[in-house]
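Enquirer: Next up is a structure, given as structure tokens.
The values are calculated or read from the model by the stated rules, or taken from the named source; none is laboratory data. These numbers come from a predicted model, not from an experiment. Counting neighbours? That spans all protein chains shown, and the Cβs are built from the backbone with ideal geometry, glycine included. Quick note on the areas: whole protein, heavy atoms, side chains included, nothing else; ligands and nucleic acids left out. Shrake-Rupley method; radii C 1.70, N 1.55, O 1.52, S 1.80 Å.
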Amino acid sequence: MLFDLSDRAKLRLTGADRVRFLNGQVTNDVRKANNNLSMPACVVNAKGRLDAFVFITASDDALYLDVDAELRVNLQSRLERYIIADDVEIADVSERDALFHVTAETAPTLPNGSNWRRAKRFGKPGWDLVAPANERDLIRQELAAEIPLCDAVCAEQLRIEQGVPRWGRELTNEIIPVEANLADDAIDYAKGCYIGQEVVSRMKMSGQTNKRLCGLTSLRDTPLAVGIRLTSMNDEGKEIGWITSAVRSDRLGKEIALGYVKRGYNEIGTRLKPADASSPDSQTIEIVALPFH
């Protein structure tokens with residue numbers, strides 16, 4: 001499937017200290033970034049909580065970051081706050097570049113001569129293409145003639161089915177990356193120091209999180225909704241989680257959701273109910289494995 005992600009914010013970092021500087025700001029190892037890979041990484045604060053979830057790529061003379069459009073201003077100011085005596089300049093190039101993504105095992109052959117780079121944005125192997133913004137419409141038309149275009153509604157459904165967290169829903173300033181299941185792809189525990197590393201590393205050593213992003217499904221096939229607070233079937237009134245995203249999955253024929261559930265209640269197969277339900281039979285929600293099957 002084809003996704004037009006051109007509305008994402010894009011930053012360019014230049015200067016002799018750019019790699020060392022950014023490596024001290026993100027959870028993944030920037031030294032491994034290259035022009036054939038979109039590397040996921042988290043920007044966290046001193047308490048280990050998320051400031052941003054980004055994708056990083058590198059050229060010979062610059063590093064490039066793309067991030068949810070909502071963070072366009074905040075991310076640049078967050079990074080610039082830590083430039084002291086570093087030879088680093090950060091520029092907003094959001095309007096300059098278009099960004100496309102295709103989910104596929106192998107890179108597309110179109111447009112001719114394009115440099116597709118590996119990326120995993122929707123829980124599946126995929127490929128990114130950056131192109132001049134003034135060529136966006138032409139390239140989109142050319143790609144859509146060969147690859148089905150997934151619009152915003154389609155993308156949101158696929159994202160939830162795949163258990164992929166999104167900024168403003170599952171990803172906020174209150175969440176530690178491990179809680180959002182970002183550790184496998186976005187954290188390098190062997191790299192050097194970065195802001196917030198102590199908290200993230202301590203969580204890995206303990207093997208415990210206070211809460212975890214889970215897949216949820218309605219056993220009675222009644223709609224689920226963002227913001228529903230959750231309680232256990234046996235512990236009336238004690239809030240142990242909440243729903244962050246919800247959708248009717250046409251592919252699965254189910255009402256599904258993503259949400260955070262506290263430790264001790266988030267094992268697969270555990271049954272929950274809305275905290276404001278009048279009885280345990282009003283709606284039953286079950287925790288299931290991600291991605292949804």
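Enquirer: What pairs come up if the first residue lies in segment 144-166 and is under 11 Å from residue 121 (Cα atoms), the second is in a helix (DSSP H, G or I) and open to solvent by less than 40 Å² (accessible area, probe 1.4 Å), and their beta carbons are under 8 Å apart, counting only those six or more places apart or on different chains?
Expert: Listed pairs, sorted by first residue: 165/180; 166/159.
Enquirer: Anything in segment 225-243 that is buried (at least 21 other Cβ atoms within 10 Å of the Cβ) and in a loop (DSSP other than H, G, I, E, B)? List them, or say none.
Expert: 228
Enquirer: Turning to a different aspect of this structure: Do we have any residue at all in segment 196-219 that's open to solvent by less than 20 Å² (accessible area, probe 1.4 Å), out of contact with any Asp or Glu (no Cβ under 7 Å at 6 or more places or on another chain) and farther than 24 Å from residue 123 by Cβ?
Expert: Scanning segment 196-219, I find at least one residue that is open to solvent by less than 20 Å² (accessible area, probe 1.4 Å), out of contact with any Asp or Glu (no Cβ under 7 Å at 6 or more places or on another chain) and farther than 24 Å from residue 123 by Cβ, so the answer is yes.
Enquirer: Name every residue in segment 140-161 that is over 21 Å from residue 97 (Cα atoms) and open to solvent by 70 Å² or more (accessible area, probe 1.4 Å), in order of residue number.
Expert: 145, 146, 148, 153
Enquirer: Could you list all residues from segment 1-22 that are aliphatic (A, V, I, L, M) and over 23 Å from the mean Cα position of the chain (by Cα)? Talk me through it step by step, then tell me what you get.
Expert: In the first step, residues of segment 1-22 are kept if they are aliphatic (A, V, I, L, M); the result is 1-2, 5, 9, 11, 13, 16, 19, 22.
16 - this is the single residue of segment 1-22 that is aliphatic (A, V, I, L, M) and over 23 Å from the mean Cα position of the chain (by Cα).
Enquirer: Now for a separate question. Under 6 Å by Cβ, and 6 or more places apart or on different chains, what pairs join a residue from segment 201-220 that is within 17 Å of residue 44 (Cβ to Cβ) with one that is in a strand (DSSP E or B) and open to solvent by 20 Å² or more (accessible area, probe 1.4 Å)?
Expert: Qualifying pairs under 6 Å: 211/262.
Enquirer: Among the residues of segment 156-188, which ones are closer than 22 Å to residue 82 by Cα and touching a helix residue (DSSP H, G or I) at 6+ places or on another chain (Cβ under 7 Å)?
Expert: 176, 177, 186, 187
Enquirer: Tell me yes or no: at least one residue of segment 222-237 is in contact with a helix residue (DSSP H, G or I) (Cβ under 7 Å, 6 or more places away or on another chain) and either touching a residue at least 12 places away in the same chain (Cβ under 8 Å) or over 27 Å from residue 255 (Cα atoms) (or both).
Expert: no
Enquirer: While we're here: Condition first: in a strand (DSSP E or B) and more than 13 Å from residue 211 (Cβ to Cβ). Now tell me which residues in segment 244-259 satisfy that.
Expert: Let us first name the residues in segment 244-259 that are in a strand (DSSP E or B), namely 244-249, 254-259.
Correct list: 245, 246, 247, 248, 249, 254, 255, 256, 257.
Enquirer: For residues in segment 162-195 being of a type outside the set (Gly, Ala, Ser), outside any helix (DSSP H, G or I) and over 22 Å from residue 208 (Cα atoms), which is least open to solvent (accessible area, probe 1.4 Å)?
Expert: This residue is 167.
Enquirer: Could you please find all residues in segment 201-247 being among the small types (Gly, Ala, Ser), in contact with a strand residue (DSSP E or B) (Cβ under 6 Å, 6 or more places away or on another chain) and under 30 Å from residue 28 (Cα atoms)?
Expert: Listed by number, the residues that qualify are 215, 241, 245, 246.
Enquirer: Out of curiosity, is residue 157 of a type outside the set (A, V, I, L, M), within 30 Å of residue 215 (Cα to Cα) and in a helix (DSSP H, G or I)?
Expert: Taking the combined requirement at face value, the residue satisfies it.
Enquirer: Only residues in segment 1-22 that are closer than 27 Å to residue 159 by Cβ and among the charged types (D, E, K, R) count as the first member; pair them with residues that are outside any strand (DSSP E or B) and open to solvent by 30 Å² or more (accessible area, probe 1.4 Å), Cβ under 8 angstrom, at least 6 apart or cross-chain, and list the lot.
Expert: Taking only residues 6 or more apart or on different chains, the pairs are 4/136; 4/140; 7/69; 8/68; 8/69; 10/96.
Enquirer: Using beta carbons and a limit of 6 Å, which pairs, at least six apart or on different chains, have the first residue in segment 254-272 and on the phi > 0 side of the Ramachandran plot and the second one open to solvent by 80 Å² or more (accessible area, probe 1.4 Å) and in a loop (DSSP other than H, G, I, E, B)?
Expert: none
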